[in-house]
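For reference, the structure discussed in these notes is given below.
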Amino acid sequence: MACILLYSRVAPSSYRHTRTCVCIFSLSLSLSYICYCLLFSSDAIMQKPSDPTQNCLHLRSDGGKKLQQKSPYCTLPLDARATREISLHEANQSNASVNHNTVRNFTSDRPTTNNMGSGKFGNKKLPNAIIVGVKKGGTRAVLEFIRIHPDVRAVGTETHFFDRNYDRGLDWYRCLMPRTMESQITMEKTPSYFVTRETPRRISAMSRDTKLIVVVRDPVTRVISDYTQTLSKTPDIPSFQDLAFQNQSLGLVDTSWNAIRIGMYALHLENWLRYFPLSQIHFVNGERLITDPAGELARVQDFLGLKRIVTDKHFYFNRTKGFPCLKKPESSSSPRCLGKSKGRTHIQIDHDTIEQLRDFYRPYNVKFYEMVGQDFRWE
């Protein structure tokens with residue numbers, strides 16, 4: 001500027017020319033200043049201050065860890081850091097939820113385990129079929145024989161739900177059942193059901209489609225077997241004759257003794273037929289179950305709508321017990337026979353007592369034959 005003033009004083013005659021030069025020079029200086037600013041502030045201009053996270057990430061890739069720590073761009077404002085942390089947390093939660101749902105869906109599609117094979121499959125459901133009676137008729141044998149069928153799953157112990165535990169509810173009852181697949185039948189057996197008056201109504205309330213199995217046996221043989229079992233547990237009970245008769249000389253049988261009353265099959269069946277049609281009740285012949293177990297099991301399988309898989313190849317007759325046993329399964333080293341209480345030798349009852357009992361049961365037997373359409377020949 002000093003040079004310009006000096007030049008204007010020395011050459012006043014050329015004022016117009018000088019003024020033009022000054023303008024040009026000033027314009028050059030202004031352009032130089034602008035270029036200088038652009039040159040040294042290009043980094044700031046290129047950055048996006050509205051996205052401090054992006055600045056930090058840019059420096060991280062270009063400048064390394066040390067540069068990142070010193071750079072002001074990597075110090076996120078509080079709001080930006082909080083927003084980023086929340087976003088990351090939500091993303092992690094979303095991924096965890098997806099993974100959890102994936103695992104849950106996968107495991108829910110996988111069947112649970114069951115005692116068949118190496119795993120347990122299926123669900124617990126209320127029984128499709130129940131062995132409802134009768135005591136000492138052969139109910140345990142039928143249960144053990146039919147449960148070797150792959151499409152049958154059964155409770156091993158007597159549940160006594162419909163006669164003793166009904167107040168516990170159906171959910172409690174369902175929990176006692178084994179796990180079954182849709183194609184399998186769930187079963188249980190409690191022989192006292194047949195003679196419990198409330199049971200038919202209660203089972204019908206659960207499901208009118210329930211199939212019922214009754215194992216019957218000559219009532220005279222059955223009552224003697226019943227007494228023999230009780231005597232083995234309670235040796236000091238009265239004699240058989242004292243329990244069976246009110247007055248034996250007059251032939252008056254004591255029907256208040258439960259062992260006698262059980263064998264009055266027609267009386268109990270009348271109660272069942274009030275709630276179930278005869279077509280839903282299958283009667284197993286207890287005598288034939290001993291002499292021809294495969295034949296009786298074939299009829300049970302037909303009644304349950306099962307393929308005849310349990311056949312004579314599964315049985316052999318144990319002469320010691322006087323009862324059929326299951327042949328050795330592949331998973332066991334010995335045959336499967338029923339417990340010690342099965343096939344027990346009966347106490348000896350005199351001929352006159354037996355004849356008196358036959359006379360008593362005869363009218364009930366005849367009525368029972370007519371009701372079920374089958375003559376069991378209990379004479």
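The values are calculated or read from the model by the stated rules, or taken from the named source; none is laboratory data. What you see is a predicted model; the values in this text were computed from it and never measured. Because the Cβ atoms are built from the backbone with ideal geometry, glycine has one as well, and the counts that use them run over all protein chains shown. What goes into the accessible areas is simple: the full protein's heavy atoms, side chains included, and nothing from ligands, DNA or RNA. Shrake-Rupley method; radii C 1.70, N 1.55, O 1.52, S 1.80 Å.
Some values worked out for this structure:
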read-out	value
Qualifying positions in region 167-189 - touching a strand residue (DSSP E or B) at 6+ places or on another chain (Cβ under 7 Å) and surrounded by 15 or more Cβ atoms within 10 Å (Cβ to Cβ)	Arg174, Met177, Pro178, Arg179, Thr180, Gln184, Ile185, Thr186, Met187, Glu188, Lys189
Any hit, region 208-230, residues being out of contact with any strand residue (DSSP E or B) (no Cβ under 9 Å at 6 or more places or on another chain), aromatic (Phe, Trp, Tyr) and either open to solvent by less than 20 Å² (accessible area, probe 1.4 Å) or at pLDDT 95 or above (or both)	yes
Residue check for Ser232: hydroxyl-bearing (Ser, Thr, Tyr) and in contact (Cβ under 8 Å) with a residue 60 or more places away in the chain	yes
Residue count for region 193-241, restricted to those that are touching a helix residue (DSSP H, G or I) at 6+ places or on another chain (Cβ under 8 Å), in a helix (DSSP H, G or I) and not polar (S, T, N, Q)	15
Any hit, region 142-156, residues being over 20 Å from the mean Cα position of the chain (by Cα), assigned to a loop (DSSP other than H, G, I, E, B) and buried (at least 20 other Cβ atoms within 10 Å of the Cβ)	no
Hits in region 263-296 (condition: open to solvent by less than 10 Å² (accessible area, probe 1.4 Å), in a helix (DSSP H, G or I) and under 24 Å from Arg362 (Cβ atoms))	Tyr265, Ala266, Leu269, Trp272, Gly286, Leu289
Any pair with Cβ under 6 angstrom, 6 or more apart, that starts in region 348-370 at a residue that is farther than 22 Å from Tyr227 by Cβ and ends at one that is surrounded by 11 or more Cβ atoms within 10 Å (Cβ to Cβ)	Lys367/Ala266; Tyr369/Asp375
